[in-house]
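A short write-up of the structure that comes next.
The values are calculated or read from the model by the stated rules, or taken from the named source; none is laboratory data. What you are looking at is a predicted structure, and each value in this text was computed from that prediction instead of being measured. Neighbour counts are summed over all protein chains in view; Cβ atoms, including those assigned to glycine, are modelled from backbone coordinates with ideal geometry. In case anyone asks, the SASA skips ligands and DNA or RNA and just uses the protein heavy atoms, side chains included. Shrake-Rupley method; radii C 1.70, N 1.55, O 1.52, S 1.80 Å.
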Amino acid sequence: MPQGFTVESVRSRAGRDVQSAAAVKMHHEAMASGTDGERIAMYCVSLHPSEPDEWVAAHGRIHVEARRVVWLLRHEIKRVALTLFHRGAVTLPGDPDHDEYFATGTTSEA
C-alpha cells in the first residue's frame, strides 16, 4: 500500500474532491445566472414584458418584501452575523484586531 494510505485519508480526499467539484459547479451556475440585481430585473420584466411601468412596480414590491423579511428575521440575522464575526469569518473595517486593513486597504481573508 502507498505511504499514508488509510481509510481516513481516502475518505478525506474523496470529501475534498466532492466539495471542490460542487463549489466549481455552483460558481459556474452563479456566473451564468448573473447578479442578484440582474435576476430581479429579469423577473420583473418577465411578469409583463410589454409594460415597463409594471417592471418598476414589481421592482418596488420585491424590495418592500425584502425589507419586510429582513425586519422579521433581524434577530436571527444578527445572531448569525455575530457568530461569524466571533469565529473570524467576518471582519469589520476599523477593527483594531485587523490592523492590516489600514495598511493595505483590504480586509484579510478569514
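When the residues 6, 91 are ordered by accessible surface, computed with a 1.4 Å probe over the protein chains alone, the sequence from largest down reads 6, 91. Each label was represented as a point 7 Å from its Cα along the Cα-to-Cβ direction; for residue 48 and residue 8 these points are 6.3 nm apart. Net charge near residue 44: determine it from the other residues with C-beta under 14 Å of the C-beta of residue 44, scoring Lys and Arg +1 and Asp and Glu -1. Around residue 44, the charge tally is -4.
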